[in-house]
Amino acid sequence: MSREKIVVIDFGGQYNQLVARRIRECKVYCEIYSYKTDIETIKKMNPKGIILTGGPDSCYGENAATCNQALFELGIPVLGLCYGAQLMMHVLGGHVCKAPVREYGKILVDIDKNSMLFNNISEKTICWMSHNDYIETVAPGFQIIAHTADCPVAAAQWEEKKLYAIQFHPEVLHTTEGTKMLSNFIFHICDCRGDWKMDSFVENSIKEIRKKVGKGKVLCALSGGVDSSVAAVLLAKAVGSQLTCVFVDHGLLRKNEGDEVEEVFGPHGPYSLNFIRVNAQKRFYEKLKGIDEPEQKRKIIGEEFIRVFEEEAKKIGAVDFLVQGTIYPDVVESGLGGESAVIKSHHNVGGLPDYVNFEEIIEPLRDLFKDEVRKAGLELGIPETLVYRQPFPGPGLGIRIVGEVTAEKVRMVQEADAIYREEIAKAGLDKSIGQYFAALTNMRSVGVMGDERTYDYAVALRAVNTIDFMTAETAEIPFSVLTKVMNRIINEVKGINRVLYDLTSKPPGTIEFE
Ligand code: XMP
């Protein structure tokens, strides 16, 4: 039985990964492709359905992102969302123009007609709108199935052709019945079965890895984070002793983390992997000397990382494959998957530099979202403490120190972060906050300690709640806990005389502080 798939065509909108997530939550596999992907490629994938996402353009504008009319003639159900809906109408002969009233936020939508898309949906339902243009008249063959006070076409369908257009965003949770609408599309209109599960992912991946690797030697970049740990255990199950895991301690890990990783994956841990720890702290600090531009730091750390592996690989002898724990949001954010702008370079994504002597990279988690990686981890029998570990970026503290990285600054941020984490856990908040850490700002200011004037660094505490890491809200930590953390940091960490709490959400901020 072949794996059923929904294809999401990306027109550059901000919620596009959410669309893919919602579909996968319905246990249907789904992938995101740029709108530039040619129609033959899409046809070959034989998708059960196609979803066109939102996007920033006006579909009637010059150079607007567009699609081939033939996409609507494949006999495959198509659902257009926001820009995708407008584009469908525009391409098929409807009229889209600037709306007299821009709709933004939660809007009451009236459902006008029976439609499979709105099966079991209330007649009046709250939906998330965000548009400047609107569909003034639908294309021939279409029927209006919903409207709002300011928008004559909130949804339309051409039932026989299985073409559906929705002006609002069902993928955003503010659309109260959005998930139901998407599941109506994938189950009642696309006839999906919904059998994409983690146990089948694990089983299939192991088979695929064995086939690809054969008798080859595999080298795994293990960081101790969730992604690379799950990738390593998956590989260990697939190819056993053909796998060597190399753990590079780049000196940018959290306090004591290097030893903790060794305890779990080292010779005395439960996995009996071939495990090599490389203490490369000095090399990384040397390379980062005088560099304060964040993208440059990321690139340097990434390249040095690969070099260390290359050297280890040479020591081991010929190595055929390199494993990395890249996950789907890394792929999309790096501009390789869909259409979203490159926000930052994730050092673990992309092609191989020329000087690397591995034949190929294996990225077994490349198609998964974070929560799916965790599910796969549990399926593989990895302990919950490891699986539900805080996310930690590949470039580590290198991107939690604003400005130049030095050993001394690493010490400061490690100490402050350890105190912060300890107090959060003591207050019983560690499971309820999505991600929290301390970052060292590049600001020094005057303070007074005892009778002495100080001129030291300010540390910033960050804590966010997030479902998908694409957007995030600042977590509300009780003031008493923050005060305690502040007192301890200033008393215990030499070089820090000020503690700030970062209130910024994402957007406009990012989760990391670099
Ligand atoms: P941002 O800062 O982009 O972070 O809002 C979103 C999530 O991604 C993590 N992150 C990274 N993870 N390599 C990684 O493996 C990276 O280069 C990287 N940069 C950010 C970040 O910790 C947060 O969970």
Query raised in the report: Hey, does region 281-293 have a residue that's closer than 21 Å to residue 392 by Cβ and at pLDDT below 90?
Result: no
Report task. Sort out which residues of region 424-443 are surrounded by 20 or more Cβ atoms within 10 Å (Cβ to Cβ) and more than 17 Å from residue 253 (Cβ to Cβ), and write them in order of number. Result -> 424
Requested in this report: Would you mind telling me which numbered condition in (1) modelled with pLDDT under 90; (2) within 12 Å of the ligand (Cβ to nearest atom); (3) not in a loop (DSSP other than H, G, I, E, B) residue 322 fails?
Outcome: (2)
Report summary line: Selection from region 44-65 of residues in contact (Cβ under 8 Å) with a residue 24 or more places away in the chain and out of contact with any helix residue (DSSP H, G or I) (no Cβ under 9 Å at 6 or more places or on another chain) yields 45, 46, 47
Report summary line: Exactly one of 15, 83 is farther than 15 Å from residue 164 by Cβ, within 23 Å of the chain's Cα centre (by Cα) and in contact (Cβ under 8 Å) with a residue 24 or more places away in the chain, and that residue is 15
Query raised in the report: How many residues does region 73-106 contain that are surrounded by fewer than 24 Cβ atoms within 10 Å (Cβ to Cβ) and in a loop (DSSP other than H, G, I, E, B)?
Result: 7
Query raised in the report: Only one of these conditions is not met by residue 243: (1) under 23 Å from residue 265 (Cα atoms); (2) free of Cβ contacts under 8 Å to residues at least 24 places away in the same chain; (3) not small (Gly, Ala, Ser). Which number is it?
Result: (2)
Query raised in the report: Of these, 420, 436, which one is of a type in the set (Ser, Thr, Tyr), within 21 Å of residue 224 (Cα to Cα) and within 23 Å of the chain's Cα centre (by Cα)?
Result: 436
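Across region 404-413, what is the total count of residues that are away from the ligand (no atom under 16 Å from the Cβ) and either buried (at least 19 other Cβ atoms within 10 Å of the Cβ) or assigned by TED's automatic domain parsing to the domain that holds residue 224 (or both)? Please lay out each step first, then the result.
Our first condition is that a residue be away from the ligand (no atom under 16 Å from the Cβ); within region 404-413, this holds for 404, 406-412.
Filter once more, keeping what is either buried (at least 19 other Cβ atoms within 10 Å of the Cβ) or assigned by TED's automatic domain parsing to the domain that holds residue 224 (or both): 409-410, 412.
Counting residues in region 404-413 that are away from the ligand (no atom under 16 Å from the Cβ) and either buried (at least 19 other Cβ atoms within 10 Å of the Cβ) or assigned by TED's automatic domain parsing to the domain that holds residue 224 (or both) gives 3.
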Query raised in the report: If you scan region 223-264, which residues turn out to be of a type outside the set (D, E, K, R) and assigned to a loop (DSSP other than H, G, I, E, B)?
Result: 223, 224, 225, 250, 251, 252, 253, 256
**Report entry** Matching residues in region 50-97 - criterion: being in contact with a Pro (Cβ under 8 Å, 6 or more places away or on another chain) and modelled with pLDDT under 95
**Finding:** none
**Report entry** Residue ID - nearest to residue 425 (Cα to Cα), chosen from residues in region 456-486 that are of a type in the set (S, T, N, Q) and touching a strand residue (DSSP E or B) at 6+ places or on another chain (Cβ under 9 Å)
**Finding:** 465
Report summary line: Output for Cβ contacts, cut-off 6 Å, separation at least six or different chains, first residue touching a residue at least 60 places away in the same chain (Cβ under 8 Å) in region 472-492, second among the aromatic types (Phe, Trp, Tyr) and in a helix (DSSP H, G or I), reads 485/420
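The values are calculated or read from the model by the stated rules, or taken from the named source; none is laboratory data. All of these numbers come straight from a predicted model, not from anything done at the bench. Virtual Cβ from ideal backbone geometry, glycine too; neighbours counted across all protein chains shown.
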